[in-house]
Amino acid sequence: MAEINPKLAGLILCVLVVQTTLTVILLRYSLTLHSAQPYLGSALVLANECLKYVMAIVLLLFQQGLSVHRSLRVFVDEVVRKPRETLLLSVPAMLYTVQNNLLIVALKNLDAATFQVTYQLKILTTAVFSVILLNRKLNSRQWISLVLLTGGVALVQLPAANQQINDDEESEKHNETQDSIFSDSNTSAGRFVQDHWIGLVAVLISCFSSGFAGVFYEKQLKSSSQPSIVLRNLQLGVFSVLLAGLTVIQQDFRFVQEKGLFHGFTPLVWTIVVVQAVGGLVVAATIKYADNILKGFATSISIILSSIMSWLVLGDLQPAGYFVPGTCIVLISTVLYSFPVQKEMHGGKDKI
């Protein structure tokens with residue numbers, strides 16, 4: 001593997017921070033404050049996966065000089081005629097599908113700040129799975145930075161999280177929701193009643209799903225003789241689109257029959273689809289040119305931006321005394337972790 005330009009990796013991570021922040025804020029707004037009719041979260045995931053696949057096909061065409069014949073030949077050779085490599089990617093595809101649906105459930109039930117804080121547990125799960133699956137060795141500075149980051153992001157929103165729990169305990173008295181937590185059809189009957197614990201469980205499951213899927217995908221990406229991220233995304237996307245479609249059928253088939261697959265899809269919702277699709281390609285590039293743990297730290301930095309927007313735009317957050325020290329701990333831990341990673345990028349990372 002060729003030596004990676006650190007400026008390119010830095011640019012990708014900056015774009016990932018912006019994309020992650022926009023995704024959380026826009027999703028939360030569309031699910032709770034947007035005045036339009038509710039839409040299906042499973043349909044959003046399906047539209048996102050389809051758009052990502054179309055974008056991957058377009059990128060493949062550009063790689064092959066806009067030749068449809070060459071692109072089709074490459075697709076057949078690298079995807080269809082390599083069933084073992086393609087089938088292996090069904091594992092992260094399934095986990096990503098579960099994760100994406102659960103994140104919508106979480107953002108229905110948790111404010112943006114609490115969601116972002118809790119979701120940072122995926123950094124620890126990613127680190128553990130990286131050690132187990134990739135034999136990656138983390139030095140003491142990196143482990144300390146992981147602990148500091150986890151504590152820092154918790155401090156940022158600790159008062160808001162406690163306030164949310166108290167508020168949700170009162171709302172539970174009026175919550176008579178009987179549908180599955182994965183289903184979106186209950187939103188069509190009226191206002192969705194938030195349940196803090198459902199949101200918390202959804203985030204926790206997503207953290208483990210994200211950690212394992214990301215590291216497993218990274219292992220396949222870096223151990224394969226095929227260096228193209230585009231072709232890897234085409235392999236992954238085959239199962240992602242299929243599983244997302246099956247999820248719609250299994251969860252919301254009756255709703256789709258009555259109102260249509262894209263019922264409630266406003267320009268805002270389509271904007272979310274585009275932002276998420278672009279983010280999928282950025283994440284893939286991050287895995288190729290950096291690593292999953294560094295990607296997690298970029299996401300952690302977006303907590304600061306998300307918290308500010310949650311406070312000023314959505315009104316979800318009331319910053320208290322822990323906000324400033326928590327923010328400082330997050331930034332310090334990010335810098336602390338970044339120094340050894342930069343050395344690995346120039347040196348031993350190609351050995352993974």
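The values are calculated or read from the model by the stated rules, or taken from the named source; none is laboratory data. Predicted model, so just to flag it, every value in this text is computed and none were measured. All Cβ positions, glycine included, derive from the backbone under ideal geometry; neighbour counts span all protein chains shown. Just the protein is used for accessible areas: all its heavy atoms, side chains included, with ligands, DNA and RNA removed. Shrake-Rupley method; radii C 1.70, N 1.55, O 1.52, S 1.80 Å.
Of note:
Here is a yes/no grid of residues against (1) touching a helix residue (DSSP H, G or I) at 6+ places or on another chain (Cβ under 9 Å); (2) crowded, with 23+ Cβ neighbours inside 10 Å; (3) hydroxyl-bearing (Ser, Thr, Tyr):
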site	(1), (2), (3)
Ala47	yes, yes, no
Val54	yes, no, no
Met94	yes, no, no
Leu102	yes, yes, no
Gln116	yes, yes, no
Tyr119	yes, yes, yes
Ile132	yes, no, no
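- Some residue of segment 102-112 being closer than 20 Å to Ile57 by Cβ and assigned to a loop (DSSP other than H, G, I, E, B): no
- Flag for Gln164 being modelled with pLDDT under 75 and touching a His at 6+ places or on another chain (Cβ under 8 Å): yes
- Failed item, numbered, when Pro38 is tested on (1) assigned to a helix (DSSP H, G or I); (2) within 23 Å of Val313 (Cα to Cα): (1)
- Residues that are surrounded by fewer than 16 Cβ atoms within 10 Å (Cβ to Cβ) and assigned to a loop (DSSP other than H, G, I, E, B) were ranked within segment 227-261; the one that is nearest to the chain's Cα centre (by Cα) is Pro227.
- Taken residue by residue, segment 213-233 has no member that is modelled with pLDDT under 60 and closer than 30 Å to Gly260 by Cα.
- The single condition from (1) touching a Ser or Thr at 6+ places or on another chain (Cβ under 9 Å); (2) surrounded by fewer than 22 Cβ atoms within 10 Å (Cβ to Cβ) that Leu221 fails is (1).
- Hey, Ala112 in contact with a Lys or Arg (Cβ under 7 Å, 6 or more places away or on another chain) and open to solvent by less than 10 Å² (accessible area, probe 1.4 Å) or not: yes
- Any chance Ser145 is at pLDDT 55 or above, under 23 Å from Ser30 (Cβ atoms) and in a helix (DSSP H, G or I): no
- Ser240 vs. criteria in contact with a Ser or Thr (Cβ under 9 Å, 6 or more places away or on another chain), modelled with pLDDT under 85, more than 27 Å from Lys137 (Cβ to Cβ) and polar (S, T, N, Q): no
- Taking segment 62-87 as the range and being open to solvent by 50 Å² or more (accessible area, probe 1.4 Å), part of a helix (DSSP H, G or I) and of a type in the set (A, V, I, L, M) as the test, the residues that pass are Val68, Leu72, Val80, Leu87.
- Residues located in segment 88-99, provided they are closer than 14 Å to Val241 by Cα and either aliphatic (A, V, I, L, M) or not in a helix (DSSP H, G or I) (or both): Leu89, Val91, Ala93, Met94, Leu95, Val98
- The set of residues in segment 63-87 that are closer than 14 Å to Asn233 by Cβ and among the hydrophobic types (A, V, I, L, M, F, W, C) comprises Val74, Phe75, Val79.
- Flag for Val68 being farther than 30 Å from Leu33 by Cα and in contact with a helix residue (DSSP H, G or I) (Cβ under 8 Å, 6 or more places away or on another chain): yes
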